[in-house]
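A.B. asks: This is the structure I have questions about; it appears just below.
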Amino acid sequence: MRIILDSGAIIASERNDPMMAAIVKAARKNRIPILVPATVVAETWRGPSTHTRSAHLFGSIDGFPDLNEQGARQVGALLAFSNTAAIVDGNVVAIAIALRPATIVTSDVHEIEHLLKSAKIPHALFDAHGAAAAQIIIIGI
Amino acid sequence: MPMRTPRSKGSIFGTDDDPLARFAGPVQTVAASVPRTLAEAIRAKVGKREFSSFVARAMARELADQNRAAYVASYEEDHGPIDPELTARLEVLFAR
C-alpha cells in the first residue's frame, strides 16, 4: 500500500484539514509510504514563506515521483482514454495504478474517479463523513 | 479491456519510494558510533559493500518518520487531538 497525494491534499494540509493530519498519523503508525508526484509539487508549491505547512508536510514524504518521457506517454494515454487534459490528475492516477494497491488522497473525487473509470480500474470511496476537504479514493487491487 | 499498466516497483514514473531518492547528490563520510553487534548484523545481512546505503536509507526513513511525528504534534498543538476514531479507520484501511 502506498498513499499518493494530489494537489487538493496539499492544499487541504495547508489549510490544516483534520483529515490530512489523521492520514499522516495513521500512515506513520502503519509505516505506509506517502508519495507526492513532482507535478503536484509544481502545481502547489509557491515558496516556503507562503507554504510553511506544505514545507512541513514535504519533510514527511517518502518520495516525489518524477515524470519522464515514458511516464508522460502513459499519462497522455490515460488522458486520451478519459478524454480529459488534466495532466497532474492524470499523473497522480497513473502512478497510483502502477503502484496499486494504493490510496489517492484528493479533493477532486469526480475527476479522479472519471480517470479511474476510463482506465477500468476498480476502486472504492472511503467514507470521510463529508466534513473534511480531502476525501480518499481506494484503488482496488 | 483494462488499461495496461506496469505494476513493478521503480516503474516508468520513477515511482520507487526509496527514501534516498530525494537526497541525491554528493556523499559525505560521517563517523557514528553504533553497537558492534548491530553493525555486524547489518554486514551479515547486506554485505560490506551495501553497508553505507543501508545506513543512509535507515537514516532517511527515520528522518521522515520524525518529521511525520512533528507534523502531527504541530497540528494537535494548534487544533487539539486528532479524531481517534478517524485515525483508527484509516489504519484499518492502510493495513489492507
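A.B. asks: Note down the relative contact order for chain A as a percent, whole number, built from C-alpha pairs under 8 angstrom at least six residues apart. Before the final figure, lay out the partial values.
C.D. replies: Working: 228 pairs, mean separation 43.1, N = 141.
That works out to 31 percent.
A.B. asks: What are the semi-axes of the equivalent ellipsoid for the protein assembly as shown, taken as the square roots of 5 times the Cα gyration tensor eigenvalues, largest first, in whole Å?
C.D. replies: 30, 23, 17
A.B. asks: Still on this structure: Obtain the nm distance between the two label points defined at residue A:77 and residue A:15 by a simple spin-label model: each point lies 7 Å from its Cα along the Cα-to-C-beta direction.
C.D. replies: Placing both labels 7 Å beyond Cα along the Cβ direction yields 3.6 nm.
A.B. asks: Quick one: if you stick a label point 7 Å off each Cα along the C-beta vector at residue B:20 and residue A:120, how many nm between them?
C.D. replies: 4.0 nm
A.B. asks: Considering the options A:22, A:97, A:118, tell which one lies farthest towards the positive end of the dipole of the protein assembly as shown, charges being +1 on Lys and Arg and -1 on Asp and Glu at the Cβ, about the Cα centre.
C.D. replies: A:97
A.B. asks: I would also like to ask the following. Taking Rh as the Kirkwood radius, which is the inverse of the mean 1/r over Cα pairs, what is the Rg/Rh value for the stretch B:34-94?
C.D. replies: 1.21
A.B. asks: Using the Cα centre of the protein assembly as shown as origin and beta-carbon charges of +1 (Lys, Arg) and -1 (Asp, Glu), tell me which of A:63, B:52, A:7 is placed farthest towards the positive end of the dipole.
C.D. replies: Positive-end residue among those listed: B:52.
A.B. asks: Run the simple label-point estimate for residue B:38 and residue A:31 please: 7 Å along Cα→C-beta, distance reported in nm.
C.D. replies: 1.5 nm
A.B. asks: Quick one: Cα centre-to-centre distance for the stretch B:63-96 and the stretch A:45-109, in angstrom?
C.D. replies: Comparing the Cα centres of the stretch B:63-96 and the stretch A:45-109, I get a distance of 22 Å.
A.B. asks: Only Lys, Arg, Asp and Glu count, each charged at its Cβ (+1, +1, -1, -1), so figure out the dipole size of the stretch A:2-139 about its Cα centre, rounded to 20 debye.
C.D. replies: 440 debye
Each value in this text was obtained by applying a stated rule to the coordinates, not by laboratory testing. Keep in mind it's a predicted model, so treat the numbers as computed, not measured. So basically every Cβ, Gly included, is an ideal-geometry build from the backbone, and we count neighbours across all protein chains shown.
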